[in-house]
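Quick notes on the structure that follows.
Please treat every number below as a calculation from the coordinates, not as lab data. Keep in mind it's a predicted model, so treat the numbers as computed, not measured. Every residue, glycine among them, receives a Cβ derived from its backbone with ideal geometry; neighbour counts consider all protein chains shown.
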């Protein structure tokens, strides 16, 4: 059985934010990329997506058709929410649930977002790889990629690529 990796694939501003305080990504879409900036290639490597409830709400409010229909999709929430056709809502221990997923047969698992969930994954040392796409824009404040107060985590650079104005950094977590 091949080990399933938990991968963060996300874009951030040059000053380390993943969205504005108002949850806007307008700054990201204003940057000139190249094709889909590696998204399709990455998307084919995963069969499972996980995200927090705030990210799920943003997707529902801003994207016409649910984009992860052909993947197993889990949304972590503190509320009791009924599953939908495309999403299973998960409450409880994030580390236990995620470690069970990682033990199952399958392809990689994508952490879509957001900041709160990512913070929990870092604390629990669940992330195996990070593919970070940097946009050449400073937004000044917003939702940080990494919250303060985490233990030091070290990464090994696997590769870099550019997509016009974007730079992709692909890291593995050092073990």
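The distance linking the range 8-27 with the range 95-155 is 14 Å (Cα centroid to Cα centroid, whole angstrom). Put in order of Cβ neighbour count within 10 Å, fewest first, the listed residues 28, 132 become 132, 28. For a paramagnetic label modelled on residue 79 (point 7 Å from Cα along Cα→Cβ), amide N atoms under 20 Å away belong, within the range 90-125, to 90-94, 112-118. Looking only at the range 11-39, which residues have a backbone nitrogen under 14 Å from a spot 7 Å from the Cα of residue 86 in the C-beta direction? Within reach of a label on residue 86, which here means backbone N under 14 Å from a point 7 Å along Cα→Cβ, the range 11-39 contributes nothing.
Can you give me the relative contact order of the chain as a percent, contacts being Cα pairs under 8 Å and 6 or more apart? Reported as a whole number, the value is 37 percent.
Please state the shape class of the range 46-87: rounded when a/c is under 1.5, otherwise prolate if a/b exceeds b/c and oblate if not, all from the C-alpha gyration tensor. Note, shape of the range 46-87 comes out oblate.
With neighbours defined as other Cβ atoms within 10 Å of a residue's Cβ, the residues 98, 77 order from fewest to most as 77, 98.
Could you tell me which of rounded, prolate or oblate describes the chain, using a ≥ b ≥ c as the square roots of the eigenvalues of the alpha-carbon gyration tensor, with rounded for a/c under 1.5 and, failing that, prolate when a/b is larger than b/c and oblate otherwise? It comes out rounded by the Cα gyration axes. Have a look at 24, 120, 79 and tell me which one the Gaussian network model of the chain (Cα, springs below 10 Å) gives the largest fluctuation. Checking each option, the largest mean-square fluctuation is seen for 79. Sorting 78, 107, 4 from the fewest to the most surrounding beta carbons within 10 angstrom yields 78, 107, 4.
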